Every structure is written in C-alpha cells, then in structure tokens.
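See below for the structure under consideration.
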Amino acid sequence: MKKYVSFFITLLIVTGCSSSGSKPTADPAETSVATATATASPTRSADVSAQPSLAASPSPDLSIDSIEKKYSGFVHKEAVPLDGQTYEVYYWNNGDFDYTQFLIANQQEVLFDSQQAGLKIEGGYISDKAKNIWTHSLLQNNRPTFLFSLADNRPESAYIILENIDGAIKVTVQDNVQVNYEDVDQDGSPELLASPYSGQVPLGPALYAVYELKGNQYVPNTAKTNQYWEKQLLEGEKNYKADPTEGTLEVLLDAYLVLDRLDEAKARFPEFYKLAGQTSGDGGFVDTYLQTIKAGSYDHISGWMNKLKPLRTLESK
C-alpha cells in the first residue's frame, strides 16, 4: 500500500514540474489581433477590412450614377466623343421648348452646369431631331466645342457656344446670331462664322462674318470675312453655270452684293440671260432680278464689314 501511495505522489510531482516548465501557448484570437495591429499603418485604423474599396463602393462625387442621382429628373442624356474623350451632356426642361438647363461632364466630373453658371434661357432646340442629337459638337482649333441652339430670339436664331479652354468649359458666345463653321483659310481647322439674321429672298443675304477668339471673346476678322465671300462668289459662278436656276442666281448675286460689287454683276446680265436660255424683257427670273437691282429693291449693306462688333458672351451681356 505504501508502495502505491509513493508511486502516485511521485507521478504528481513529475506532472507538476513538466507543466510549470513549458511556455504558455497564446490564444488563436489574441494572435490574430496582434498581427493586424502590427502590420497596420500608424495613421490608419487597425481594422483594414472596414475601409471601403473604391471599386466596390464608388465615392459620391466620382460616380456617374451619383451625378445622375444628384442631378435627377433629366429629360435626355447623350455621349459626345471629342478629342479622344467622351463627354456626357444632360438636359432638363421646365419650359415650352426642348430644354431649359444643361450640364456637361467628363470622366465622371461635372465640368459645366448652366444653372450654376447663371445662364438664363427661355428654351433650347434639339440640334438634329432625326438623329436625336441635342447639341452640335466639334473640335475647333483643337478645342472641344459645344453649340446650343436657343429659342430666345425667334423667329431669328440665338446660340450659346461653350469651349474647353485649358481644361475648363467656358462660355465664349451667348448672342442672337446664326452660327456656322467652315475652314475658310484651308488650314484644316474650321473658323466660326456668324450672322445677325438668316437672310431673305430676293437679295437679302445673311451677313456671315468670320470671327476669331481673342482672350475669351470672339472678334471679327475682316480679312478672312472678305476671303470667305470671295470664295462664295467663285462657287456661285460655278454653280450657276452648271445649273442656271433662280436659286443659283440668287446665291451668286448675294455674293456680289455682300462684296459691294453689284455694278459688276449688272454688267454680266447678258451672260446670265444666255446661260438660262432667257432674253431681256421676257419676264423670266433673270429679268426679274435685273429689274430688282435697277429699282434698288435690295438690302443696302455697303461697308457692313467695317461695322462688325465682337460677339457677346455671358460676361458681356
């Protein structure tokens, strides 16, 4: 009996010594927390998994979806590819026309808001209803350019032109004019042309002038305007010879009138009669135009190029 008691006492002593001599094992949960705290940046929370991922949860001011939530209720949106980038243009309407407010965004950033910019318009027109294109856009002098046709000057035209200048969308034109673009000097970049009215028949031409950007405003370029109309005259002569109609004669005589060379046109009427197969006094359209000129029943616009003024902008209105 003493032998068995002695054995158990010995066993307990050995077991106790073995347990107190080994190093304690840390709790698995404590090890995990310690590792996370050690690898975390001192400026960040230790719980890295709690930080949102941009891919999983976009920042409100960088998301197109969020832009559309912030600027809700738009009646139309279109993508405009220009200069290797895609702009998004949004439209809202609370008037009698197609839109009364618009916004331009690029790369998930709002670049221009017509309301915040202080643009007040009665309404705008869709640029191309057949293609459902609401704004006319182009690359002009390497600048993304947007044209908005307005109803504010009806029945004549009014336009707002916005351009991306040095990374910022700016209003370069807000005026009661009809606008067009054409490469007048054949340098590969179209020039801006504008006229105060669309013109009428007979011999009431639209007075298109060429404008160039100086600072943030378009100013007239008389030399290029004259060059443009000289080109119109040459094309008008070519077209009338190929197809002598009332319409082609109107265009040709308009160019003579704009260039203040109507006397030269009068001297060429025998040729105009011959090309159209008509004769003086026969009452044809050539005869009608000659009598109109003789009676002075046309727009008297002599010296108009010297009276041109800069186009108005948002700041100059």
Original post:
Is it true that some residue in segment 199-207 is under 22 Å from N142 (Cα atoms) and surrounded by 15 or more Cβ atoms within 10 Å (Cβ to Cβ)?
Top reply: no
Original post:
If you go through segment 180-191 one residue at a time, do you hit one that is polar (S, T, N, Q), on the phi > 0 side of the Ramachandran plot and surrounded by fewer than 16 Cβ atoms within 10 Å (Cβ to Cβ)?
Top reply: yes
Original post:
Can you name every residue in segment 78-98 that is in contact (Cβ under 8 Å) with a residue 40 or more places away in the chain, part of a strand (DSSP E or B) and surrounded by fewer than 16 Cβ atoms within 10 Å (Cβ to Cβ)?
Top reply: E78, Q85
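Kindly provide the set of residues from segment 250-307 that are among the β-branched types (V, I, T), assigned to a helix (DSSP H, G or I) and touching a Leu at 6+ places or on another chain (Cβ under 9 Å), ordered by number.
Quick first cut of segment 250-307, residues among the β-branched types (V, I, T) only: 251, 258, 279, 286, 288, 292-293, 301.
After this cut, where a residue has to be assigned to a helix (DSSP H, G or I) as well, the list is 251, 258, 286, 288, 292-293.
Scanning segment 250-307 gives V258, V286, T292, I293.
Determine which member of the set L111, L150, L103, L119 is in contact (Cβ under 8 Å) with a residue 60 or more places away in the chain and crowded, with 16+ Cβ neighbours inside 10 Å. Can you show your working first?
Working: L111 fails: in contact (Cβ under 8 Å) with a residue 60 or more places away in the chain; L150 fails: in contact (Cβ under 8 Å) with a residue 60 or more places away in the chain; L103 fails: in contact (Cβ under 8 Å) with a residue 60 or more places away in the chain.
That would be L119, the only listed residue that is in contact (Cβ under 8 Å) with a residue 60 or more places away in the chain and crowded, with 16+ Cβ neighbours inside 10 Å.
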**OP:** For segment 289-308, enumerate the residues that are touching a residue at least 60 places away in the same chain (Cβ under 8 Å) and surrounded by 10 or more Cβ atoms within 10 Å (Cβ to Cβ).
**Re:** Y289, T292, I293, S297, Y298, D299, I301, W304, M305, L308
**OP:** Sort out for me the strands (runs of 3 or more DSSP E) sitting completely within segment 99-169 that have 3 or more residues that are within 23 Å of S72 (Cβ to Cβ).
**Re:** 101-106, 109-113
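Any idea which residue in segment 215-226 is most open to solvent (accessible area, probe 1.4 Å), counting only those that are in contact (Cβ under 8 Å) with a residue 60 or more places away in the chain and within 25 Å of the chain's Cα centre (by Cα)? Before the answer, list the steps.
Pass one, segment 215-226, residues in contact (Cβ under 8 Å) with a residue 60 or more places away in the chain: 216-220, 222, 225-226.
Those left that are additionally within 25 Å of the chain's Cα centre (by Cα): 216-220, 225.
On the way: N216: 82, Q217: 58, Y218: 2, V219: 36, P220: 34, T225: 0 Å².
Step by step, filter segment 215-226, then rank; the result is N216.
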**OP:** Sort out which residues of segment 227-279 are small (G, A, S) and surrounded by fewer than 16 Cβ atoms within 10 Å (Cβ to Cβ), and write them in order of number.
**Re:** A242, G247, A267, G277
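The values are calculated or read from the model by the stated rules, or taken from the named source; none is laboratory data. Small disclaimer: the values here were computed from a predicted structure and weren't measured. Cβ sites come from the backbone with ideal geometry, for glycine too, and all protein chains shown count toward neighbours. Surface accessibility is based on the protein's heavy atoms, side chains included, excluding ligands, DNA and RNA. Shrake-Rupley method; radii C 1.70, N 1.55, O 1.52, S 1.80 Å.
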